[in-house]
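Worksheet: the structure to be examined is printed underneath.
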2 protein chains.
Amino acid sequence: MSKKKKINTRNTPIRERIVETATRLFFENGIQAVGVDKIVAEARIAKMTLYSYFASKDDLVMEYLEKSADAWLENFHTHLNQVSKSDEERIVNTFIYLKENFNNSTAYRGNGFINAATELSDGRNPAHGVILNYQDNLRGCFESWAYNSGLKDARELSYALLNLFNGATVSTQIEDFPEPLTHAINLAKKLIELHR
Amino acid sequence: MSKKKKINTRNTPIRERIVETATRLFFENGIQAVGVDKIVAEARIAKMTLYSYFASKDDLVMEYLEKSADAWLENFHTHLNQVSKSDEERIVNTFIYLKENFNNSTAYRGNGFINAATELSDGRNPAHGVILNYQDNLRGCFESWAYNSGLKDARELSYALLNLFNGATVSTQIEDFPEPLTHAINLAKKLIELHR
DNA sequence: TAAGAAAAATACTGACCTGTATAAAAAAAT
DNA sequence: ATTTTTTTATACAGGTCAGTATTTTTCTTA
């Protein structure tokens, strides 16, 4: 007789508060650096309540990554739709968006998915699937935007742009200064010209 | 009367074995994921011996980063000198070097300094100074190589190349597949043409 | 060979970690 | 109003963490 733990699958305000608090703490401090005790303290709930919604910390981490990836992409597209008149503009605006995000943050923490990928070094960790999916979603955006704009070699360009996206994010995080993003914006424009 | 701990500053084989073991474990598993007990076990020394050479784990981490940065740059230049006939070739060969490193590794772990920077999120950590120095050293190489090759806007090009370097490293680490590095090599060649 | 220094072995501290057991209090549903 | 579910509070288990104290053994050097 297997004695399984019963997990509450309902979507209550408490559950949302757990995920929101974990999301904020994981992103600001890193996943390994945040203990369950800190999450329950800041969410002002009992530890047992957390473990009634999530089987383990790893489960909570998975939900953090999945929900954050969805939210990131949604904010991303919402913003791009507001400032872009064409798919070609969306490409350049992607990097302007990164720079605005840096300027609007007091302590820049880069990209939560890149951080998670380097932190959870074991590639067999299921979190890597979410991160890979996020990255390929982003690259796919670049590819279709490039294709719709009539640019040559859209697929190769999309890889270059993803490289540029990741590189500019990491460089900015290391330097804590927006200069790499300025160069990334210029480089994105040049890449578009190269593929026109 | 301040009671300080006496640190052995001699450079003995044991000390080197500690640093070598820590270097391997930190790079393969991440800094936070490796405990002092694991280091002393794999180096087959007593824990007290480690603490007679290093005041704290943070001290050992600093030495790991400093020594690794020196060793990385030395290997880098040694290899580039063997395969390059000009500074312009050094630029492209940098990215070929990354790809060869990936192909020669069983479990690619990317760049130890990028990993450390994302792992040690607090920018006030003295480790960030070492990482910044490493990055600027690398960018400086790009800049002087570009300048010596008569390329235009050497400084801006160097930032683009550093972005490309970091981005390709991170993308490869996430994907665990060398395709981003292939695109990075092509992109580096294009960037050189753009600045000719 | 004797004295001194280095290293090892062992046990420990106090803090933190994930996860659980249990019982009381609060809330919801019947 | 009573039962059932949810949440809390508290304590705890078993592990790991960085770092230290103490004693014994080994090595070096004089």
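The values are calculated or read from the model by the stated rules, or taken from the named source; none is laboratory data. Keep in mind that what you see is a predicted model, and the values were worked out from it rather than measured. Cβ atoms come from the backbone with ideal geometry, glycine included; neighbour counts cover every protein chain shown.
Quick look at the numbers
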item: Failed criterion for B:LYS6 (all others in (1) within 14 Å of DNA strand C (Cβ to nearest atom); (2) assigned to a helix (DSSP H, G or I); (3) charged (D, E, K, R) hold); result: (2)
item: Number of positions in region A:12-43 that are away from DNA strand C (no atom under 13 Å from the Cβ) and part of a loop (DSSP other than H, G, I, E, B); result: 1
item: Residues located in region A:1-31, provided they are within 14 Å of chain B (Cβ to nearest Cβ) and either exposed (fewer than 15 other Cβ atoms within 10 Å of the Cβ) or free of Cβ contacts under 8 Å to residues at least 40 places away in the same chain (or both); result: A:ARG24, A:LEU25, A:GLU28, A:ASN29
item: Residues of region B:101-114 classified as facing another protein chain (nearest Cβ under 10 Å) and assigned to a loop (DSSP other than H, G, I, E, B), total; result: 5
item: Residue that is farthest from DNA strand D (Cβ to nearest atom) [pool: residues in region B:28-61 that are among the acidic types (Asp, Glu) and more than 22 Å from the chain's Cα centre (by Cα)]; result: B:GLU42
item: Candidates A:SER86, A:SER68, A:SER105, filtered to the one that is more than 14 Å from DNA strand C (Cβ to nearest atom), in the same structural domain as A:ALA160 (by TED's automatic domain parsing) and crowded, with 16+ Cβ neighbours inside 10 Å; result: A:SER68
